[in-house]
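Laboratory data are not the source of any read-out in this text; all were calculated from the coordinates shown. Since this is a predicted model, take the numbers as computed values, not measurements. When we count neighbours, we look across all protein chains shown, and the Cβ atoms used for this are built from the backbone with ideal geometry, even at glycine.
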Amino acid sequence: MSNMVDYVNRFQHTFAEREFNDVDSLVLCQLSYLKMKNLIPGLEDGQEFIPFRDVLRKEHEEQVFADERYREDNRKLTEAVLNSRRFQDLRVNYYIDILDKEMEIQFSAVTYLLGENERKEQLYYIAYRGTDENMVGWKEDLTLAFSEPVVGQLYAARYMRKAAVHLPDSFYMGGHSKGGNLAVFAAMSSSVALQERILSVYSHDGPGFKPQVMERYEYGRIADKVKKILPGSSMVGMLLERGSAYHVVESSSYGLMQHNPYTWVTDPEAGCFVPMEELKNSVKLMDSAVTDWILSLDDEQVSRFSDVLFRVLAASETDNLIDFRADWKKSLSGILQELKEVDDATKEEMEEILRGLFEITGQMTKKEIQSRIQEGLQSVQEKFLRKKLEKKQEK
């Protein structure tokens, strides 16, 4: 099955020949995972956009491809981009990369200049990085789902305002995973004048928002510009997602592994993703249960749950998933020891919080089973009536 690397290799039309599309967005969002600190001008540097190929010089490779999760796939993607007629003019600027363990922030963004479209307008794209390998980013993800808003979202809004000052025309924006959430938040929390300059906001399997956040920032003002794209078994992107304004695409993998954008199936000749009709029912059921569970917790419960969970993870004595996996025996030993030392009162409270999730899931499963039984009975009844009618017609 073809993925976005195959798309870049085979879809050789310039942006002046074929307009910007959903797969282009995912490509740019994935490139934002590259570690490009001090290789690209920042927001305050006042420099021009630089060629993307300058970032990928031989001496920079170890830094740029430091993210072990996507290393080999990222190498293939960047090589395809450098040899692509479509992305040959790709330039970059306004890079920011912040990792603050004390404030629990992992934030990175970059702005691209793609070249000209068919109307001779310059194409710009603001991309927010999703969760990388750092534990801080994963804790921020959990906080993001429960809180309103988190510091990373405020950083995203401020970044867009500052970057947009330097952009002469309209622009696209987006991100994968947490990056998609940041892009949507930045767009909905900005001024009306700035919102009018946004062409589309892409959320590639990015989590949603609590209802009060969407109401406070008047999400409806940008709703028609948001393009939410999910794989068929999305778990992350359906978190706190209550609507149906999303597009589902085929994936070559299963379950949580579908969150990996390299598994999303493309049609390189047509220049698009291969669509699916809808999400799988089991995924809808679980996501709905988790969303109801999150919304049932008060702020105090959320804070305690988050702190205990990451206190346990911190006991692994690693700052990132790469070290965690490299010495998993040591990491697991630390976690097990910390679990033993969690006091009884805290354990009981965590069990109570999790019990709520299982109760909600059980209730929804029961309703789903009842619904399927009802559908089955209705189908049997319809078949019986159809046969009865056929016999009557034969006579």
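Numbers at a glance
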quantity	calculated
Highest to lowest packing among 106-117, 218-229, scored as the average C-beta count within 10 Å	106-117, 218-229
In sequence order, calculated HN-Hα J values of the range 202-214 (Karplus, 6.51, -1.76, 1.60; Hz; x Gly/Pro)	9, 10, 8, 6, x, x, x, 9, 5, x, 5, 5, 5
Unsatisfied cross-links (Cα-Cα over 27 Å) in the set LYS58/LYS162; LYS76/LYS225; LYS76/LYS120; LYS162/LYS228; LYS35/LYS225	LYS58/LYS162; LYS76/LYS225; LYS76/LYS120; LYS35/LYS225
Per-bin percent of Cα-Cα distances, the range 1-107 [5 Å]	2, 11, 20, 23, 20, 13, 7, 2, 1, 0
Residue-wise HN-Hα coupling along the range 160-172, computed from phi with Karplus coefficients 6.51, -1.76, 1.60 (Hz; x: Gly, Pro)	4, 4, 6, 5, 5, 4, 8, 9, x, 10, 5, 8, 9
Calculated from backbone phi, Karplus (6.51, -1.76, 1.60) coupling profile of the range 220-226 in Hz, x at Gly/Pro	x, 5, 10, 3, 6, 9, 7
